[in-house]
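The values are calculated or read from the model by the stated rules, or taken from the named source; none is laboratory data. Model, not experiment: these values are computed from the prediction. Cβ coordinates were reconstructed from backbone atoms using ideal geometry, including for glycine residues, and neighbour counts include every protein chain displayed. Quick note on the areas: whole protein, heavy atoms, side chains included, nothing else; ligands and nucleic acids left out. Shrake-Rupley method; radii C 1.70, N 1.55, O 1.52, S 1.80 Å.
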Amino acid sequence: MLAFVREMQVVLLAVILLGACAAKLSRVLRARSVRVIVDATVLFPRRLRRRAAMALCITEFSLGLSLIATIGRLGRGGWADGVRLATAVFFLLATCALVELREHRPDLGCGCFGDFSSKPPGLRSVARTALFSAAALASIRSGTPPLPPPGLAAAQDLGFLVTELLLVAVLSPELEEALARLGYAEPCEMHTSSPHRAVAALRRSAAWRSHCGLITGDVPADMWRELCWWYVVYPGRGGDVVFAVEVRPHRPAVHTAVVPRPGDPAAGQNASAAQPMPASGHSPAF
Amino acid sequence: MQSRRADLACCGRCAGPEAAARIARRQRYRAAVQPGPGRGLAGADGIHVSAPTDPVRAVTGTLLDISPHIAVVAVAGEEQRFTLTAGATVWRGGPAGATQLRPGERVVVRLVPGRRDVADKIWASIGRVAGTISGWDDGRLLVDEGVTKGCQAVVISPRARNRVAVRFPQLEPGSLIDVIGLRRGQVLEATMPATSQPAYLAYRVARGPAAVTAATGTISGSATWHEPAEPDEETRGIAYPAIGPEAGCGEAATDAPGCVDLPYLAVGSMLLVRNECTGAARLLPVTGCGAVARLFHDRCVTCGTSPRGRVADLTIASFVELGGELERGCFNATISAGW
């Protein structure tokens, strides 16, 4: 009973190991340095960390490939069981390493799955690694079982596998990270935006046309970017003319206000006329 | 048309009355064109700032005289006397007695809440150097802190050598360093590491995931402090790590992208900073560029573990008034922009 499920553990573990290796390699290739994955080996002495990180990647890759090679009839007997035992030992050591990491370097992520494992390992990560170790042990001497016959046995095997996958998902903080990234769209306050573009959009706007008569200089007296808005200040009659231009590629909203200059008697006289125009509301650029 | 004037470049740790006037002017302009707080980040509308009844205050100045019970400090040209409580502590490279301090030392005095002349803690000659190691010179470590502060010299105290070596094993050009110690003129005598050395070199900053943005529109991370670049630098404010690149941040020590994604702000923007360890919160102006803070993708573990990345590099007074202990180097912080 459940022999099929035991054999399927090999596939699951192979996918996990190759995925972990690929995530680390991807991070190394992007940074062009092995140093970015030494978080995973921070418990080693400094001079050994780079080599330990490379050894970790090679071990994951070798075990993953060996597990795949020993699936089914190709790897019966001692060779297949040896690989599965080695995998169990590997995950057991990883569990101990995570416990040590939590104890001694609570500020570091384990780097198990590259960028996705940036958070410090919690109890979930430890439990997951222990689960993988148990799965590797369970797969030893599983033989080459036939597919379960349709019916209750198949449903039971399928249910067990689905439950296990759900458990792995629940124990994986990396999954939350990956889902968050999939649904992530860069908000406007983090977009880079050219000041020239903002001024060009302002000059096309209705707010500019209605206030350009007040402006006395061609050059902004001040201009700065804050969150989703560019602020452009021009010297003007009756005070400074302030525009807020939204950071948006198309049809940015433009707000306007006339701010009297403190201590300017001329501005003070005109302030009553000019000041009633604050925040003139949304004015599409076109 | 010229759309951008030369002086639009970030002034980098703004100093003097001109900079203060510019910050005030921008706040006035912004309030006129977009009145009301919380106009920026989604969710920031729900945050309300209430002034604490007895806020912690801090003053910085030069020590004129000290006895076990009284400290006389020159603050902005005025002589002020502070009574030391029985439980008052003194830091000078480590716990010290009040009588170990010497006149002429720069001191940071934390006052008892609600009292203007009673000191709770004094830090003497405390300094910090964070940046990229550029080389060695006559046994001194040279650290590049950016354009404004330039190159800083660091000598590692013999009694702290092992401690620093554990956290900063690579003291080679290109590596990052952040140490706290005693300021001795132009040289910092490092007595403790402020963080752990990042695994990457300064020119290969590892871009990590964004700092956590909760539903309230806040961003969590680590808040650190910096020494003033000039004597008349604003005493309260933030060197923010994400001044818009188009501003030509005068302190950009590197072209590398920041470690974490933060919303772009400008000098003069207001930021609500909350110390997650003490609950203290202050609305502070951005007074300069935190170019060096952009390089560190570290966590603060003062209370729990913060998300990665430095979200604010505070002035000394602001750091202390928010409940930070200078010798710890950081506190877990949450910031909210758009005020």
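Can you name the condition, by its number, that residue A:236 falls short on among (1) farther than 16 Å from residue B:29 by Cβ; (2) in contact with a helix residue (DSSP H, G or I) (Cβ under 9 Å, 6 or more places away or on another chain); (3) more than 9 Å from chain B (Cβ to nearest Cβ)?
Just one mismatch for residue A:236, condition (1).
One line per residue, one yes/no per condition, for (1) of a type in the set (A, V, I, L, M); (2) within 14 Å of another protein chain (Cβ to nearest Cβ); (3) under 13 Å from the mean Cα position of the chain (by Cα):
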site: B:284; (1), (2), (3): yes, no, yes
site: B:288; (1), (2), (3): no, yes, yes
site: B:298; (1), (2), (3): no, yes, no
site: B:309; (1), (2), (3): no, yes, no
site: B:321; (1), (2), (3): no, no, yes
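Okay, residues lined up against (1) surrounded by 13 or more Cβ atoms within 10 Å (Cβ to Cβ); (2) within 12 Å of chain B (Cβ to nearest Cβ); (3) of a type in the set (A, V, I, L, M, F, W, C):
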residue	(1), (2), (3)
A:186	no, yes, no
A:190	yes, yes, yes
A:222	yes, yes, no
A:225	yes, yes, no
A:246	yes, yes, no
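Going by what's in this entry, would residue A:133 be described as of a type in the set (S, T, N, Q) and either open to solvent by 20 Å² or more (accessible area, probe 1.4 Å) or at pLDDT 90 or above (or both)? Working first, answer last.
Working: of a type in the set (S, T, N, Q): yes; either open to solvent by 20 Å² or more (accessible area, probe 1.4 Å) or at pLDDT 90 or above (or both): yes.
Judged against the criteria, residue A:133 is a match.
Could you list all residues from the stretch A:90-127 that are part of a helix (DSSP H, G or I) and free of Cβ contacts under 8 Å to residues at least 24 places away in the same chain? Before you say what the answer is, go through the steps one by one.
Start the filter on the stretch A:90-127 by keeping residues that are part of a helix (DSSP H, G or I), which leaves A:90-104, A:114-117, A:123-127.
Residues satisfying the conditions are A:93, A:96, A:103, A:123.
Filter the helices (runs of 4 or more DSSP H) completely within the stretch A:143-242 down to those with at least 3 residues that are under 30 Å from residue A:84 (Cβ atoms). Explain how you work it out, then say what you get.
Working: elements: A:152-170, A:173-182, A:195-203, A:206-211.
Per the criteria, A:152-170, A:173-182.
For the stretch A:248-258, which positions are facing chain B (nearest Cβ under 10 Å) and out of contact with any Ser or Thr (no Cβ under 7 Å at 6 or more places or on another chain)?
Within the stretch A:248-258, A:257, A:258 meet the criteria.
Residues that are open to solvent by 10 Å² or more (accessible area, probe 1.4 Å): list the strands (runs of 3 or more DSSP E) wholly contained in the stretch B:126-203 that include at least 3 such residues.
By residue number, B:126-137, B:140-144, B:151-156, B:187-193.
Looking at B:86, B:119, B:74 in this structure, which one is more than 24 Å from the chain's Cα centre (by Cα), more than 24 Å from residue B:190 (Cα to Cα) and part of a strand (DSSP E or B)? Don't jump to the end; show me each part of the working.
On the way: B:119 fails: more than 24 Å from the chain's Cα centre (by Cα); B:74 fails: more than 24 Å from the chain's Cα centre (by Cα).
Among B:86, B:119, B:74, only B:86 is more than 24 Å from the chain's Cα centre (by Cα), more than 24 Å from residue B:190 (Cα to Cα) and part of a strand (DSSP E or B).
Considering only residues of the stretch B:208-226 that are facing another protein chain (nearest Cβ under 9 Å) and open to solvent by 20 Å² or more (accessible area, probe 1.4 Å), which is modelled with the highest pLDDT?
B:213
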